[in-house]
Amino acid sequence: MQDITDDVAQNLNHKNKNGALVSDVFKGDPADAAGIKIGDIIIEINGKPVKDTHELLLMIAAMKVGQKMSVKAIRDGKEMMFQVVVAERKDNVTMAMERSGLGHFGIAAQDITPEMAKQLGIARDGVMVTDVQAGSPADEVGIQPRDIIVQVNRVKISSMKDYTREITKAAQKKSVTLFIKRGRSGYSVTIRID
């Protein structure tokens, strides 16, 4: 999900900047099952207007697992309605924030838990890549699942909160340099998006 900028509103012929732009949909997740697609603009949840991405995340976080929500979205200038079932996840807001980076660079990541660190014999610094979208900018530079991102644009990353904040800033600049640990070696990569 991402907020609607002036450029996005103009490009999609959206009358204003209200709503949240769908920037990624994962195969098999509730949004995908309901028929929501990348490029849709979500403007209402259960009849309540959605001002921006932050408001949308708060609305979803307040719902219970299994609850159905009515989603009004705009696609190609036409209003459409979708019924989405809220699925179980570790934390609605965190999960949605984690996924936001995937839409920009093609990376999904998660915090490194004590159990993961012990099992894999790694430190808890950074966040672990869990998925790389095929054909994405991250895929093109060779980032792989299980890589550990320890810095984003030279800022140390200790948690998903850090990562989400910095990757969102980087997405606005359309370029990011990551320092990555893979096994015992470390390297840096620069990813650019058009």
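Quick check on my filter: what residues within the range 49-80 are farther than 22 Å from V8 by Cβ and outside any loop (DSSP other than H, G, I, E, B)? Scanning the range 49-80 gives A61, K68, M69, S70. Just one residue in the set I41, I107 is surrounded by 19 or more Cβ atoms within 10 Å (Cβ to Cβ) and at pLDDT 90 or above; that residue is I41. Among the residues of the range 23-38, those identified as closer than 18 Å to V8 by Cβ and either at pLDDT below 85 or of a type in the set (S, T, N, Q) (or both) are S23, D24, V25, I38. Residue count for the range 144-189 under the criterion of being of a type in the set (S, T, Y) and either outside the structural domain of M116 (by TED's automatic domain parsing) or free of Cβ contacts under 8 Å to residues at least 40 places away in the same chain (or both): the result is 6. Residues in the range 162-180 that are assigned to a strand (DSSP E or B), surrounded by fewer than 18 Cβ atoms within 10 Å (Cβ to Cβ) and out of contact with any Ser or Thr (no Cβ under 6 Å at 6 or more places or on another chain): 1 in all. The C-beta contact set for the range 76-92 (first residue modelled with pLDDT under 85, second residue surrounded by 11 or more Cβ atoms within 10 Å (Cβ to Cβ), distance under 6 angstrom, 6+ apart or interchain) comprises V86/M63; V86/Q67; A87/P30; R89/M95; N92/I60; N92/A61. Looking across the range 24-38, the residues that are within 15 Å of the chain's Cα centre (by Cα), surrounded by fewer than 17 Cβ atoms within 10 Å (Cβ to Cβ) and hydrophobic (A, V, I, L, M, F, W, C) come down to F26, I38.
Within the range 93-103, not a single residue is modelled with pLDDT of 85 or more and either surrounded by fewer than 19 Cβ atoms within 10 Å (Cβ to Cβ) or among the hydrophobic types (A, V, I, L, M, F, W, C) (or both). Considering only the range 1-9, I want to know if a residue exists there that is part of a loop (DSSP other than H, G, I, E, B) and crowded, with 17+ Cβ neighbours inside 10 Å. Taking every residue of the range 1-9 in turn, at least one turns out to be part of a loop (DSSP other than H, G, I, E, B) and crowded, with 17+ Cβ neighbours inside 10 Å. For the range 145-158, the set of residues classified as surrounded by fewer than 16 Cβ atoms within 10 Å (Cβ to Cβ) and within 17 Å of the chain's Cα centre (by Cα) consists of P145 only. Scoring Q10 on the criteria (1) over 30 Å from V129 (Cα atoms); (2) at pLDDT 85 or above leaves a single failure, condition (2).
The values are calculated or read from the model by the stated rules, or taken from the named source; none is laboratory data. Just so we're clear, the structure is a prediction, and the values are computed from it rather than from any experiment. We place every Cβ from the backbone using ideal geometry, glycine too, and count neighbours over all the protein chains shown.
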